[in-house]
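Right, one structure below, let's go through it.
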Amino acid sequence: MKTAIITGGGQGIGRVTTQYLLTHGYRVAIWEADTDALTELRESFKASAAQILFVSCDVSSEVNVRKAVEQTMAHFGQIDALINNAAIMIEKSLDKFMLDEWNRVISTNLTGPFLCAKHTAPYLAMQKGCIINICSTRAFQSEPDTFAYSASKGGLLALTHSLAVSLGPDVRVNAISPGWIDVSALKKKAKAKSDELRPEDHSQHPAGRVGQADDIARMILFLIAPENSFITGQNFVVDGGMTRKMIYV
Ligand SMILES: NC(=O)c1ccc[n+]([C@@H]2O[C@H](COP(=O)([O-])OP(=O)(O)OC[C@H]3O[C@@H](n4cnc5c(N)ncnc54)[C@H](O)[C@@H]3O)[C@@H](O)[C@H]2O)c1
């Protein structure tokens, strides 16, 4: 049985992806920094306990990442896929954006995937495995005041092709850039709420709707499938067509 690691699997896209991976016969190691989310997840995935490993891990800490690799290898004995999904976003005007906030976002969203790739690569290579980096359409376009997040995702795209060229042919590395994915109801209990989406939220998308976590989970399943072994170093935009629209006023 193949083993996938998903970082930030406790909430949002990562949580739904975990369910997809389990349903499709993967064993899943969830590396998550939010311990409340991890506890809730343990409860809701009780029935699949044999297939899951819950690891408390801050991906920006090399000590944590090393330990998480050791735990995952000790438990499952192999690593076939790494999904770098954990990320944070801070939205603030430039004058109020503090250096420690910049560093926190870059450490989680860019250094984290680097550390996870570095320490899983030898095991991924043994399995002819793959890495998927969850980027964002914000790597290409911006709303105001998202400096560190946009920069981190731009960096993650470049890290994707750099890793693909360096780790091939043993490890494939691809990126997925989601657009607007409504994860409001997929948070831990203390934060979950169902956002009321307006008709125009949906209709502005060429695809006619805001995205769902399932849209990204299905693309992850496609990319980790071993038969898609000719795809590496690429970025796949899953945004309902929003980045293809010209929006001059
Ligand atoms: N939701 C969207 O509209 C959207 C759009 C574009 C890209 N993305 C990307 O998709 C991915 C998932 O986003 P989401 O909306 O599901 O987010 P989310 O906030 O719902 O989930 C992210 C998870 O990562 C965890 N996390 C944060 N910092 C961590 C750390 N240092 N170590 C380990 N875990 C950590 C959080 O606790 C959380 O469980 C992210 O990479 C995000 O940038 C999301």
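No value in this document is a laboratory result; all are computed from the given coordinates. On a predicted model such as this, the values are computed, not experimentally measured, just so you know. Here the Cβ positions follow ideal geometry from the backbone for every residue, glycine too, while neighbour counts run over all protein chains shown.
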Burial ordering of Val63, Val55, fewest other beta-carbon atoms within 10 Å first: Val63, Val55
Computed [θ] at 222 nm, deg cm²/dmol, the chain (DSSP H ≥ 4; -39,500 (n - 2.57); rounded to nearest 500): -12500 deg cm²/dmol
Eligible aspartates and glutamates near Lys46 by straight Cα distance, threshold 19 Å, same-chain separation 8 or greater: Glu32, Asp34, Asp36
Whole-Hz couplings from phi, Karplus 6.51/-1.76/1.60, listed for the range 102-115; x for Gly and Pro: 4, 5, 5, 5, 5, 5, 6, 7, 10, 5, x, x, 4, 5
Top of Ile90, Ile134, Ile181 by mean-square fluctuation, Gaussian network on the chain, Cα under 10 Å: Ile90
Whole-Hz couplings from phi, Karplus 6.51/-1.76/1.60, listed for the range 132-149; x for Gly and Pro: 10, 9, 8, 8, 5, 5, 6, 6, 10, 8, 9, 8, x, 6, 10, 3, 5, 4
Charge sum, other residues only, whose C-beta stays under 15 Å from Thr72's C-beta, Lys/Arg counted +1 and Asp/Glu -1: +2
Highest-MSF residue in the chain out of Arg198, Arg138, Arg27 [GNM, Cα springs under 10 Å]: Arg198
Projected label distance in nm at His161 and Asp214, using a 7 Å step from Cα toward the beta-carbon: 3.4
Other-chain or far-sequence residues with amide H under 5 Å of Leu53's (modelled H): Val28, Ala29, Ile30
Gaussian network model of the chain, springs between alpha carbon atoms under 10 Å - residue of Glu62, Glu40, Glu32 with greatest fluctuation: Glu40
Modelled FRET efficiency - R0 22 Å, Trp102 with Ser61, Cβ distances, 0.05 increments: 0.80
Over the range 6-148, relative contact order from alpha-carbon pairs under 8 Å, at least 6 apart, %: 25
C-alpha center-to-center spacing [the range 5-73, the range 174-238] in angstrom: 19
Least to most buried among Leu197, Leu53, Leu115 (fewest other Cβ within 10 Å first): Leu197, Leu53, Leu115
3J(HN,Hα) from dihedral phi, the range 193-204, Karplus parametrisation 6.51/-1.76/1.60, rounded to Hz, x for glycine, proline: 7, 8, 4, 7, 7, 7, x, 6, 4, 6, 5, 5
Amide H contacts of Phe236 (H built 1.01 Å from N, under 5 Å, at least 5 apart or other chain): Ala175, Ile176, Ser177
Linear extension gain, Asp36 paired with Phe222, 0.36 nm per residue minus alpha-carbon span: 63.9 nm
